[in-house]
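Just so it is clear, none of the values below were taken in a lab; they were calculated from the coordinates. Being a predicted model, the structure only gives us computed values, none of them experimental. Positions of Cβ are backbone-derived with ideal geometry, glycine not excepted, and every protein chain shown enters the neighbour counts.
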Amino acid sequence: MKLLAKTLQGLEPILEKELLALGATHVETFTRAIRFRGNMETLYRVNLESRVAMRVLMPISSFNARDEEDLYRKVKRIDWSRYMTEEETLAIDGVTNSEVFTHSKYIALKSKDAIVDQFREKTGKRPNVNTASPDLRINIHIYGIEVTVSIDSSGDSLHKRGYRRETLEAPISEVLAAGMILMSGYNGDRTFIDPMCGSGTFLTEAALIASNLPAQMYRKEFGFQRWKNYRPEVYTKIYDEAMAKQRVPSHPILGFDKNFQAINVTERNMEAAGLENIVTAKRRPFERLVPPPGGGILVTNPPYGERLEEEDIEGLYQMIGDQLKKEFKDFDAWLITSNYSALKSVGLRTSARIPMYNGALECRLVKYEMYEGSRKGMAPQTEEDKAASKETDKPEVKEAEQAELKTSDRPKKEIRRPASSSRDFKKPDPRVRKEAASDRSSRSERPERKSFSKRSSSELRKRITKKPPKND
Ligand SMILES: C[S@@+](CC[C@H](N)C(=O)[O-])C[C@H]1O[C@@H](n2cnc3c(N)ncnc32)[C@H](O)[C@@H]1O
């Protein structure tokens, strides 16, 4: 069957590679989307394992529409009883790039009218709309007068992995974080560092990549699990196979931040995800950071000076360049920013500059290759640089700081399956949901999603591992 995976701009090549590895065929790449073919197993697997897909859609009908009435008629012609019942709920996402259809909300409204009218005429009852947690999410895409009607197999966007417990200001999207890490070529066989880790998104995605665990291992539910043709035994097999590919990471995954609160939040997020033995987070300003020897990959999202207040943004970027030059020999350093003028202050030659978006912000993802041998990325050293590097190269400082990082040498263990995940999904009883819905004051009110309760997260922690003693 024909399928379509959506992603963020710039991540299409990564998604294409992923899809092929997950069994997709007939892959065709567009901007922010890839069309491919696969069976139901491929659809389940892509949702569970892709790190950079945002949604996976299954087109069910395409046609041309002259105007809104024509759209209404043609959406109504689709036999919707194949996909849902009048007892169930629906939500519609409209996307348009058209001179005829200019309002995506109106497209969604007309299509919803067509579907509910079809049910009402046939059964005397109509399905309700539930934008927060529908049984069927429908996507209406219009390009000019060409309409594609799809059903959305993901449900909530796939960037919502289900592992984040707390965030700070300006967390990066999980899909963007994973995409940047995969672009760097990281697969767990080198040290990974995020020197400005905030709430730890890069660290979590790096830990999942290094452990070869599926991106959505913590997620509770996918859209396809409420479909009429959902086959739980097939999905359970796919989930178990994906979890069985787990490996224990061989190299440290290290996060630092100058802010205590960021480190506390990162530690709590790692504990909730059962990753506390795989990721080490420490409070340390980048200007004092000395990585373990042997090189590695650094991926980070520094402040841009837009959303986070930063007094001297140019000075911060200059410090990043100086520090990379001084301490990060044999590292590939990747950073994303929307602040192009501050980026110049890094003062190093980039070996890649990739246009990307972080939310609405147009950014550049840049790469600096800090190889001592090739001296790529090294700006010509000034006398000042030389003097400064002599000062910070004092062996006793380096040794003390590296000894501290030894915590990352603590034994790493396998991550167990979360206490509850999409593997254990049970299709909710519509009668129960109806009662719950009538208790809510507003239909648009987002029902609290079931997440790890305090009890289940501490149970999970106990089951995952006993925490080794801290040696610092
Ligand atoms: C944009 S946030 C990173 C968000 C993170 N990627 C996430 O997903 O949560 C930038 C972080 O850089 C940290 N930071 C700023 N200056 C720093 C410095 N000199 N050394 C270390 N961290 C710094 C801030 O405390 C903040 O947590």
If packing is taken as the average number of other Cβ atoms within 10 Å across a peptide's residues, how do 11-23, 173-185 rank, most packed first?
173-185, 11-23
Just want the ordering: Glu369, Glu276, from fewest to most Cβ atoms lying within 10 Å of their own Cβ.
Glu369, Glu276
If you take the beta carbon distance between Glu69 and Asn128 as r and set R0 to 25 Å, what does 1/(1 + (r/R0)^6) give as a FRET efficiency, to the nearest 0.05?
0.55
Determine, for segment 2-152, the count of lysine pairs separated by eight or more sequence positions (or lying on different chains) whose alpha-carbon distance falls under 29 Å.
28
What's the extension gain from Arg37 to Glu146 if we count 0.36 nm per residue and subtract their Cα-Cα distance?
37.2 nm
Which whole-number percent gives the relative contact order of segment 10-67, counting Cα pairs below 8 Å spaced six or more residues apart?
29 percent
Treating only the Cβ of Lys, Arg, Asp and Glu as charged (+1, +1, -1, -1), what charge dipole size does segment 147-186 show about its Cα centre? Round to the nearest 20 debye.
100 debye
Stretched out fully, how many nm does the piece from Asn229 to Phe260 gain, at 0.36 nm a residue minus the Cα gap?
6.3 nm
For segment 169-222, run through the chymotrypsin sites (Phe, Trp or Tyr not before Pro) and keep only the ones in DSSP coil with at most 12 other Cβ atoms within 10 Å of their Cβ.
none
Taking the convex hull of Cα positions in segment 160-218, its mean projected area over all directions (nm²)
3.9 nm²
Which value in nm describes the separation of the simple spin-label points at Ser81 and Arg416, placed 7 Å from the Cα toward the beta carbon?
4.7 nm
